[in-house]
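Structure record follows, encoded as structure tokens.
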Amino acid sequence: MHWFESELVLLDQLAELYLKSQQQSGTDIVNVSEDIRIKRGRFIGALQSIVNKVVNLNGINACAAYHEGLVLAYAEAMPNIDALGVMIQESVNVTQQSARILKLGDIQQIVIVGAVNKVAMLSVGPVVLCIVCSNAINLASVLSQENEA
Amino acid sequence: MNSNVKPFEIRKTQVSEIDQILRNLMSIQGVSAAAIVDNEGLVTHIHRDFEINTDAIGASVQVVFGAASRAALHVGHHVTNLVICENAEGFILAMPIDAGFMLALVTERDALLGRVRFELKETIPVLKKLFASYLLK
């Protein structure tokens, strides 16, 4: 498993821990609140970290994370950041509808390949991680590069 | 039999947790003020990193939210969950908590709207519970 896969697994685990923390019941709302806040902080921190690392890889044009179509984390300057958010939300909505009919299960990845660039969208907990790179790039290979960020 | 001390300690802890939540919201990039406003527009808790007229912000947030709620009702959208004012220099976001209390955030232009909205949406259920138990005491 290369570094990106490991980071995604970690991110998934943090997302799951966060979602579980939200389902806690009990009367000790103060401690529950603190626990939820800390777990959300860890998840967002790990998400920002992965975004920062991915954008530093050779061949990656941009990387950002979105929640319901609005930008949640990004690294460095990113042109058309809102347009990308719209594209993600539209794509996810359409795909989810078809996935239900086709019984695909929860959507994990969507890749849109254009003549010039391509966009990969990876679903992680409540957010979508979005990576933009040139059409000619082999994304899996680039993401397995040793990361020095 | 419970003494009067116990409820006081519970309230104190709840208040400190509310303060911690506001401090956490303030740590988000671009957020310059986080406040809780009561149903009369008075600010009950606030964290901010600039001089702000708390009376004015409290009253305005309630007025804006009230107007937005009525607009939502007029078009059949029922309950208003979030009001976002996009201004030349930033955003003001307001979300209802419970019993007329509201959570209001003031942000700079460079704030990540998705991040702020995500934190707000995730924070409100917890604040609702904190307020529900706080108001019951």
A student asked for the Cα radius of gyration and Dmax of the protein assembly as shown in angstrom ought to give 21.1, 75
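Given just the C-alpha atoms of the range A:78-149, how large is their convex hull per residue in cubic angstrom?
Details: hull volume 9.2 nm³, N = 72.
Each residue corresponds to 128 Å³ of Cα convex hull volume.
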For A:Lys20, counting only aspartates and glutamates whose alpha-carbon sits under 19 Å away and dropping same-chain residues fewer than eight positions off, the answer is A:Asp12, A:Asp28, A:Glu34, A:Asp35, A:Asp106, B:Glu119, B:Glu122
Per residue of B:13-19, other chain Cβ atoms within 10 Å number on average 3
Given pairs A:Lys103/B:Lys129; A:Lys103/B:Lys128; A:Lys39/B:Lys128; A:Lys53/A:Lys103 and cut-off 30 Å on Cα-Cα distance, the over-length ones are A:Lys103/B:Lys129; A:Lys103/B:Lys128; A:Lys53/A:Lys103
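FRET efficiency for B:Ala99 and A:Asp106, Cβ-Cβ distance as r, R0 = 41 Å, nearest 0.05? Numbers along the way, then the final one.
Working: r = 37 Å, r/R0 = 0.90.
The formula returns an efficiency of 0.65 here.
Taking the Cα centre of chain B as origin, sum charge times position over the Cβ atoms of Lys and Arg (+1) and Asp and Glu (-1), and report the length of that vector in debye to the nearest 20.
Working: 13 positive and 15 negative charges, 110 e Å.
The calculated dipole for chain B is roughly 520 debye.
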So the pair-distance distribution of the range B:5-136, from every Cα-Cα distance in 5 Å bins, comes to percents of 2, 10, 21, 23, 21, 13, 6, 3, 1, 0
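Placing unit charges on C-beta atoms (Lys and Arg positive, Asp and Glu negative, everything else neutral), compute the dipole magnitude of the protein assembly as shown about its Cα centre in debye, rounded to 20.
On the way: 22 positive and 29 negative charges, 144 e Å.
It works out to roughly 700 debye.
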Dipole check, the protein assembly as shown, charges on Cβ (K,R +1; D,E -1), about Cα centroid: among B:Gly76, B:Ser60, A:Cys130 the Cα furthest to the positive pole belongs to B:Gly76
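Could you tell me which of rounded, prolate or oblate describes the range A:35-88, using a ≥ b ≥ c as the square roots of the eigenvalues of the alpha-carbon gyration tensor, with rounded for a/c under 1.5 and, failing that, prolate when a/b is larger than b/c and oblate otherwise? Intermediate values should be presented prior to the final figure.
Details: a/c = 3.16, a/b = 1.37, b/c = 2.30.
Oblate, since a/c reaches 1.5 and b/c is not below a/b.
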Placing +1 on each Lys and Arg Cβ and -1 on each Asp and Glu Cβ in the range A:1-141, then taking the dipole about the Cα centre, the residue among A:Phe4, A:Ile36, A:Ser98 whose Cα reaches farthest towards the positive end is A:Ser98
As straight-line cross-link partners of B:Lys121, the qualifying aspartates and glutamates (C-alpha separation under 13 Å, not fewer than 8 residues apart within one chain) are A:Glu68
Helix A:3-22 sits off the longest principal axis of the Cα atoms of chain A, rounded to the nearest 10 on a 0 to 90 degree scale, by 30 degrees
If amide H atoms are modeled at 1.01 Å from N in the peptide plane, then the residues at a separation of 5 or more from A:Val124, or on another chain, having amide H under 5 Å from its own are A:Leu129
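Quick check: convex hull over the Cα atoms of the range A:3-143, volume per residue in Å³, rounded to an integer?
Details: hull volume 17.5 nm³, N = 141.
Taking only Cα atoms, the range A:3-143 has a hull volume of 124 Å³ per residue.
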Taking the dipole of the protein assembly as shown about the Cα centre (Lys, Arg +1; Asp, Glu -1; charges at Cβ), the one of B:Ala33, A:Leu57, B:Phe50 that reaches farthest to the positive side is B:Ala33
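Throughout, read-outs are computed from the coordinates displayed, never taken from laboratory work. None of these values were measured; they are calculated from a predicted model. Every residue, glycine as well, gets a Cβ built from its backbone with ideal geometry; the counts of neighbours run over all protein chains shown.
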